[in-house]
Amino acid sequence: MNKDENRSKEEGFWKEYKKLDEETLRERLTPLQYKVTQENGTEKPFQNEYYYNKEPGIYVDVVSGEPLFSSLDKFESGSGWPSFSKPLLPKLIIEHEDKNHWMDRVEVRSFYGNSHLGHLFDDGPTPSGRRYCINSASLRFIPADELAEEGYQEFTSLF
């Protein structure tokens, strides 16, 4: 059993999340989704798909389908990108030091898809004080009433 299988069992998943091969990624992702998730890009603030979304549901990695964030933890940060106070399943978020663009930041990536999601800041709401500033292009939103049919029934009890 490899480390991914161990981690999956720890979380109670029966699904196999994985990063798609390069050819499939280029076929399935829009140019913006590819740039953000695979080339560490950033979309424009205030002009992205989920910044204004207030519908209940979860956000998953557009590459792997990993469940990442819940609308219950989404808040208005004024940053122009969707912001969350915590991940849905912390083990699926990987944090890396990011010194690009002459800044010291913490980059967040998905565990299985290794998708660039955005950055983590310490100016969020209490109690965590964390703000996961995430690119909409790295996410796919699943409305609460579609969780079961999309294979995410373990999260229906949240809503």
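A quick yes/no check of all residues on (1) part of a loop (DSSP other than H, G, I, E, B); (2) surrounded by 21 or more Cβ atoms within 10 Å (Cβ to Cβ); (3) free of Cβ contacts under 8 Å to residues at least 24 places away in the same chain:
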{"residue": "Tyr34", "(1), (2), (3)": "no, no, yes"}
{"residue": "Phe46", "(1), (2), (3)": "yes, no, no"}
{"residue": "Lys54", "(1), (2), (3)": "yes, no, yes"}
{"residue": "Val60", "(1), (2), (3)": "no, yes, no"}
{"residue": "Phe69", "(1), (2), (3)": "no, yes, no"}
{"residue": "Gly78", "(1), (2), (3)": "yes, no, yes"}
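When residues in the range 119-159 are screened for being among the acidic types (Asp, Glu) and assigned to a loop (DSSP other than H, G, I, E, B), 4 of them pass. With the requirement that a residue be crowded, with 17+ Cβ neighbours inside 10 Å and without any contact (Cβ under 8 Å) to a residue 40 or more places away in the chain, what does the range 14-32 give you? Once the filter is applied, which keeps residues that are crowded, with 17+ Cβ neighbours inside 10 Å and without any contact (Cβ under 8 Å) to a residue 40 or more places away in the chain, the range 14-32 yields Leu25, Leu29. Can you find even one residue in the range 85-96 that is at pLDDT 95 or above, closer than 21 Å to Lys54 by Cα and over 11 Å from the mean Cα position of the chain (by Cα)? Looking for residues that are at pLDDT 95 or above, closer than 21 Å to Lys54 by Cα and over 11 Å from the mean Cα position of the chain (by Cα), one finds at least one in the range 85-96, hence yes. Give the range 129-141 a look and list any residue that's in contact (Cβ under 8 Å) with a residue 60 or more places away in the chain and either farther than 17 Å from Gly57 by Cα or surrounded by 21 or more Cβ atoms within 10 Å (Cβ to Cβ) (or both), or say none. Listed by number, the residues that qualify are Tyr132, Ile134, Asn135, Ser136, Ala137, Ser138, Leu139. Scanning the range 146-159 for residues that are without any contact (Cβ under 8 Å) to a residue 12 or more places away in the chain and charged (D, E, K, R) turns up Glu149, Glu150.
When Leu117 is tested against the conditions (1) modelled with pLDDT under 95; (2) closer than 27 Å to Thr24 by Cα, the lone failure is (1).
Considering (1) crowded, with 20+ Cβ neighbours inside 10 Å; (2) at pLDDT 95 or above; (3) among the polar types (S, T, N, Q), the lone condition that Ser64 does not fulfil carries the number (2).
The values are calculated or read from the model by the stated rules, or taken from the named source; none is laboratory data. Treat the numbers as computed from the prediction; the structure is a model and nothing was measured. Cβ sites come from the backbone with ideal geometry, for glycine too, and all protein chains shown count toward neighbours.
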